[in-house]
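Trainee: Shown below is the structure under consideration.
Derivation of every value follows stated rules applied to the coordinates shown; laboratory data play no part. A quick note: this is a predicted structure, and the numbers were derived from the prediction, not measured. So basically every Cβ, Gly included, is an ideal-geometry build from the backbone, and we count neighbours across all protein chains shown.
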Amino acid sequence: MEQTQPHDRQPPTAGSSGSILIGVDLGSHHIRTGAVDQNGKLLDFQREPQQGDTAATSSRAIADQLIAAAGRMIAAHSGVGGIAAIGVALPGLIHHETHRIVNLPNAPGLVGLDLYTEFKNAFGVPIYFENNANAAAFAEMTLGVAKGESDWLYLHIGSGVGAGLVLDGKLRRGKSGFAGEIGHINIDPEGIECPCGSFGCLETVASAPNIVRRTRDRLRKDNTSSLSRLGAVRGFTYDDVIASAKTGDDLAKMMLQRTGFFIGRAVAGVINLLNLSMVAVGGSPAGRAFLVPAIIEETRRRGFPPVRDDCRIVAAELDGEAGVIGAALLAARE
C-alpha cells in the first residue's frame, strides 16, 4: 500500500534483514501484541490480561510478561521473512536519548528497570520504545483518520489522558520526548490534587478512574441510575459507565458529556496556540460517540473563532490495535 502522508523516516528497503515488524502495547490491564508488515497491515493480534493485574504485581513480573508476549509473537512469524524490528508502546514518559522509562503511573516499578536493554539482549533486533499516545497517533496518520493531515493532535482517553502532537507531518516529542502531556494542563485551579503534585489537572476529571470517581460521587445524590445498582453488587468501571450511557441511562450520559466539556477546555487552548487542522479522539471506541460531540461543543464555546473554525474534531478510526501498529511502524523508521 502506498503511503501518501509524510513520516519521520523512510521504511526499510526490500533488502532489510527482516520483513515483519512486532508491536507490543502495555495497557492499564492488558498487554497487546501484533505482527505488522512494512505498510502497517496487521497480520496477527493478541491481547492478554496482565498477570495478577493488581497494584501489587511486581515490575519484574510485568517486564517478563512483556518480553514473553513479544517472544511468542516472534516465534509465530519469524519464519515469514524474518523480524525487522520491535516497537514497544508504554503509557508514560520515555526519554528518547537514553531509552529509559522516566514515569509510568500504572507500573512505576518499571522505571527502575532497563527494559530497553533487556529487549535488545533478548531478541537481537532493533528495539524502539515510545509513548502509547504517540504510537497510536502514528498509526492514525499512516492508516486512519489523519492520513494526509500535517498539523493535528491525537487525544487518548484512558487510565490517563495523553496526546500525540503532529506538526509539519512529524511527531513532535519536545526536548526529551515528553511532549503531549495534555492531561496535566490545569483546567481548574481549585480542583483536586493530581498525582503529579499539581492541582486541577485535566487528568483529575477526565481519566477513566476519575470519571468513575466523579460518577460515584454523583450517585450519592442520585441513586436512580442503573450504575447505582451495579455499584451495590460489584462496583463499576469506565466501560460500565459507557455501556449504561448506550442503553439510555441519563446520569451516565451526563457524566460523559461533562467529561467532554472538561476535555474541550484544554483542547480549545491547544487549538488556539497551534492552529491545528484536526483533533482525533481515541481511547475506548464506544466512549468516543459521547465524548466527541461534547468536546466540539465546549471547544466552540471557548476557542478563538478563526482558529477554532479551521479545526475538525473527530473520532479516531483505529481501535485497540493502534498502539501496536504505531509502535511497530516507528521501530522500522529508527
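Trainee: With 5 Å bins from zero, work out the P(r) of the range 191-302 over every alpha carbon pair and list the percent per bin.
Mentor: Taking every Cα pair in the range 191-302, the percentages come to 2, 12, 21, 22, 18, 14, 7, 3, 1, 0.
Trainee: Hey, another quick one. Report, by chain and number, residues whose modeled amide H sits under 5 Å from the one on V88, excluding near sequence neighbours (fewer than 5 apart, same chain).
Mentor: V24, Y128, F129, E130
Trainee: Can you put E193, E130 in order of Cβ neighbours within 10 angstrom, beginning with the fewest?
Mentor: The most exposed by this proxy come first: E193, E130.
Trainee: If you don't mind, another one. Would you calculate a helix-derived [θ] at 222 nm for the chain, using -39,500 (n - 2.57) for each DSSP H run of n ≥ 4 and dividing by the full residue count, to the nearest 500?
Mentor: -12000 deg cm²/dmol
Trainee: Anyone know which of A89, A322, A294 comes out most mobile in the 10 Å Cα GNM of the chain?
Mentor: A294
Trainee: Continuing with the same structure: Need one word for the range 236-334: rounded, prolate or oblate. Basis is the Cα gyration tensor (sqrt eigenvalues a ≥ b ≥ c); a/c below 1.5 gives rounded, then a/b vs b/c decides.
Mentor: It comes out oblate by the Cα gyration axes.
Trainee: With a 10 Å cut-off between alpha carbons and a GNM built on the chain, which of G112, G282, G169 moves the most?
Mentor: Answer for the Gaussian network model of the chain: G112.
Trainee: Taking amide H positions as placed in the peptide plane 1.01 Å from N, state which residues far from I157 in sequence (5 or more) or on other chains have amide H under 5 Å from it.
Mentor: Amide H neighbours of I157: G282, G283, S284.
Trainee: Using a Gaussian network model of the chain with C-alpha springs under 10 Å, which one of I94, I192, I296 is most mobile by mean-square fluctuation?
Mentor: Answer for the Gaussian network model of the chain: I192.
Trainee: Project the alpha carbons of the range 102-193 onto their principal axes and report the range along each, largest first, in whole Å.
Mentor: 44, 39, 24
Trainee: Considering amide H positions built from the backbone, and no H for Pro or chain starts, which residues 5 or more places from L43, or on another chain, come under 5 Å of its amide H?
Mentor: Placed amide hydrogens put A35, V36, D37 under 5 Å from L43.
Trainee: Rounded to a whole number of µm²/s, how large is the Stokes-Einstein D of the chain at 37 °C and 0.692 mPa s, given Rh as the Kirkwood radius over C-alpha pairs?
Mentor: This corresponds to a translational diffusion coefficient of 161 µm²/s.
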